[in-house]
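Read the structure below first, then the notes.
The values are calculated or read from the model by the stated rules, or taken from the named source; none is laboratory data. None of the values given here were measured: they were computed from a predicted structure. With ideal geometry, Cβ positions are generated from the backbone for all residues, glycine too; neighbour counts draw on all protein chains shown.
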Amino acid sequence: MIPAIEVERVSKHYGALKALSDVELAITPGEFFGLLGPNGAGKTTLISILAGLTLASSGRARVMGHDVRAEYRDARRALGVVPQELVFDPFFTVRETLSFQAGYFGIRGSRAWIDEVMHHLDLTDKADTNMRALSGGMKRRVLVAQALVHKPPVIVLDEPTAGVDVELRQALWRFIRSLNRDGHTIVLTTHYLEEAEALCGRIAMLKDGKIVALDTTHNLLRMHSGCYVELRVEPDRLPERIAGGVVERRANGAYRLALHDYGELELLMRALREAGMRVQEIEVMQPDLEEVFVQIMQKS
Amino acid sequence: MTVGNGYAKAARETPGGAEYSRLIGFYTLFRKEWLRFWKVSVQTILAPVVTALLFLLVFSHTLRDHVEPFPGVSYSAFLVPGLAMMSVLQNAFANSSSSLMQSKMTGNIIFVLLPPLSHREFYLAYLLAAVARGLVVGAGVFVATVWFVDLEFAHPGWALAFAVAGSGIMGALGIIAGIYSDKVDELAAFQNFIILPLTFLSGVFYSIHSLPAFWQGLSHLNPIFYMIDGFRYGFFGHADVSPFTSLAIVGLSFLALSWLTLWLLKSGYKLRH
């Protein structure tokens, strides 16, 4: 099967600065893929290389089997990009903006599809409104619509929910999920790691231009064993041998302790019993993607 | 999933039933650029026409009794083609340069960089929109001034050829300036220190025969002089330089600038970092 996205030893240098170093990546069609990393890790540079906005210093990138430089027309037709910045052309209405975007991709007779995209993104009422008059959330919806007007099989969303309210965020994810169910490959970069955890089947983590982790979300969460325990005790003072494991004192008065594995839970309970303490409330929690992310970034 | 080489062969079915055609991409970009200036025509068309009228009023009132640039041609009549061509050139430059500059600054340039448009399609769309604005403004200057001055049209074909070629040159220069400039300051410097002096010192307001020999010689190094002089030949059948020489110089300048612009666009200079 031809990968939806294939990146072979791609590097990008800006003078002495290495934005990307020998990045290798393959995303299969139909995946919901997450690209995570701190600011400056190289996520946007990688996306820009795929989209033809940036030229790689070395290596090759393909979209649906088409080289982004040698076969740029087919590669770009196969890709829809929702940019990070809220950019728009202030001269035009929503419908004009979408109609131009379809036209740039060489598509004639796109009115019905544009109507459908606007309907899905709740933009129909704003079709004849000038882009300047739209709220930030509405502008974000138009950016998503612009990425979809040419029906690309691969859709890249570069931090699409930054600064977006909860309602729009949920609506946006419902729509993107339905596109993924319909067979579109989705590549997502986000700083909201709970979104990535909930949506992405596979995740790559970038740091300083290198991929430092690449696996399924499930494996990434499992790979980093350990768990957290939140407990409230009576009297409200942990014995000294346990207090060293406290990572946080929660606002509700609970202690948060990090355990290396579930076996340590028994040791914890015994220590509490021996200290004559009574457990009022206890909750055992798996590490979430945010904790895994922090661990990986610290290790690499 | 390959696409044929010619436009006629390039059309194909999209998954949704609509058709792909390369020509549509180019045409859409041209149409967008046309609408961009047409929607603000008070600023992009009416304002330069009024400016040209003011120049005509002030200069012809001051100089009409003192200067006869060509035998039998009044200064006011001499001035009108010069002003029209100056407006054509300045507005062609302003169109492509400001559009690219604004798109770069606001970030919406991404919308024309993401689609599968070739550097040639990109160039032609911006260039033709610049030529179109130049010609619309030039026509506006004529419509506004024709009531005040008796004009003859000795060779309208020559006038049109120089208007199109001249606005093409300035449209290409505008693309280069728009690509190069990262700040409004840089574009303003381009406009104020290169385009404006070259147009003002090109014989818009005078015949170069009225200049001392040194300045006459220097004027011959200014390509805009040949555009204005050749354009004026279309009206009076009289010029400082043979229109064939002017057309050759203007044509070669256009080809050289087109080559440079296409090379910049193909390399992605300052657009695809």
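How about the stretch B:202-226: which of its residues are assigned to a loop (DSSP other than H, G, I, E, B) and without any contact (Cβ under 8 Å) to a residue 24 or more places away in the chain? Selection gives B:211, B:212, B:220, B:221. Restricting attention to the stretch A:49-71, the residues that are crowded, with 17+ Cβ neighbours inside 10 Å, within 8 Å of chain B (Cβ to nearest Cβ) and within 22 Å of residue B:104 (Cα to Cα) total 4. Taking the condition of being away from every other protein chain (no Cβ under 14 Å) and farther than 22 Å from residue A:97 by Cα, how many residues in the stretch A:170-189 meet it? Residues flagged as away from every other protein chain (no Cβ under 14 Å) and farther than 22 Å from residue A:97 by Cα within the stretch A:170-189 amount to 12.
Which one of A:4, A:41, A:26 is more than 25 Å from residue B:119 (Cα to Cα), touching an Asp or Glu at 6+ places or on another chain (Cβ under 8 Å), modelled with pLDDT of 95 or more and buried (at least 21 other Cβ atoms within 10 Å of the Cβ)? If you could, list the steps in order and put the result at the bottom.
Working: A:41 fails: modelled with pLDDT of 95 or more; A:26 fails: buried (at least 21 other Cβ atoms within 10 Å of the Cβ).
Matching residue, one of A:4, A:41, A:26: A:4.
On inspection, residue A:34 does not qualify as closer than 23 Å to residue A:117 by Cα, more than 8 Å from chain B (Cβ to nearest Cβ), of a type in the set (Gly, Ala, Ser) and touching a helix residue (DSSP H, G or I) at 6+ places or on another chain (Cβ under 6 Å). Can we say residue B:179 is in contact with a Ser or Thr (Cβ under 7 Å, 6 or more places away or on another chain), within 24 Å of residue B:37 (Cβ to Cβ) and assigned to a helix (DSSP H, G or I)? No, not satisfied.
Residues that are within 10 Å of the chain's Cα centre (by Cα) and modelled with pLDDT under 95 were ranked within the stretch A:160-187; the one that is farthest from residue A:288 (Cα to Cα) is A:160. The combined condition, being in contact with a helix residue (DSSP H, G or I) (Cβ under 6 Å, 6 or more places away or on another chain), touching a residue at least 40 places away in the same chain (Cβ under 8 Å) and surrounded by fewer than 21 Cβ atoms within 10 Å (Cβ to Cβ), is not fulfilled by residue B:88. If you check residue A:188 against the conditions, is it in contact with an Asp or Glu (Cβ under 9 Å, 6 or more places away or on another chain), touching a residue at least 60 places away in the same chain (Cβ under 8 Å) and not hydroxyl-bearing (Ser, Thr, Tyr)? So residue A:188 passes the test.
Residues are listed down the side, and each one gets a yes or a no for (1) touching a residue at least 60 places away in the same chain (Cβ under 8 Å); (2) surrounded by fewer than 23 Cβ atoms within 10 Å (Cβ to Cβ); (3) within 28 Å of residue B:102 (Cα to Cα); (4) among the aliphatic types (A, V, I, L, M):
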{"site": "A:73", "(1), (2), (3), (4)": "no, yes, yes, no"}
{"site": "A:79", "(1), (2), (3), (4)": "yes, no, yes, yes"}
{"site": "A:84", "(1), (2), (3), (4)": "yes, yes, yes, no"}
{"site": "A:109", "(1), (2), (3), (4)": "no, yes, no, no"}
{"site": "A:122", "(1), (2), (3), (4)": "no, yes, no, no"}
{"site": "A:129", "(1), (2), (3), (4)": "no, yes, yes, no"}
{"site": "A:133", "(1), (2), (3), (4)": "no, yes, yes, yes"}
{"site": "A:139", "(1), (2), (3), (4)": "no, yes, yes, no"}
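Count of the stretch A:125-147 residues, restricted to those that are more than 13 Å from chain B (Cβ to nearest Cβ) and either in contact with a His (Cβ under 7 Å, 6 or more places away or on another chain) or closer than 26 Å to residue A:77 by Cβ (or both), is 4.
When the helices (runs of 4 or more DSSP H) confined to the stretch B:36-131 are screened for residues that are aromatic (Phe, Trp, Tyr) and within 10 Å of chain A (Cβ to nearest Cβ), those reaching at least 1 such residues are found at B:110-113. Are any residues in the stretch A:233-258 crowded, with 16+ Cβ neighbours inside 10 Å, assigned to a strand (DSSP E or B) and not hydroxyl-bearing (Ser, Thr, Tyr), and if so, which ones? Within the stretch A:233-258, A:233, A:256, A:257 qualify.
Every condition in (1) of a type in the set (Val, Ile, Thr); (2) more than 18 Å from the chain's Cα centre (by Cα); (3) in a helix (DSSP H, G or I) holds for residue B:241 except the one numbered (3).
Among the residues of this structure, residue B:29 counts as one that is closer than 30 Å to residue A:182 by Cβ, modelled with pLDDT of 95 or more, within 14 Å of chain A (Cβ to nearest Cβ) and in a helix (DSSP H, G or I). Among the residues in the stretch B:230-245, are any surrounded by 16 or more Cβ atoms within 10 Å (Cβ to Cβ) and among the polar types (S, T, N, Q)? No; the residues of the stretch B:230-245 include none that is surrounded by 16 or more Cβ atoms within 10 Å (Cβ to Cβ) and among the polar types (S, T, N, Q). Among the basic types (Lys, Arg), on the phi < 0 side of the Ramachandran plot and assigned to a helix (DSSP H, G or I): is that true of residue A:222 in this structure? Yes; evaluated as a whole, the condition is true for this residue. Residues in the stretch A:72-111 that are within 24 Å of residue A:29 (Cα to Cα) and more than 9 Å from chain B (Cβ to nearest Cβ) were compared, and the one that is modelled with the highest pLDDT is A:82.
The residues of the stretch A:264-287 that are under 28 Å from residue A:194 (Cβ atoms) and either outside any strand (DSSP E or B) or assigned by TED's automatic domain parsing to the domain that holds residue A:218 (or both), listed by number, are A:264, A:265, A:268, A:286, A:287.
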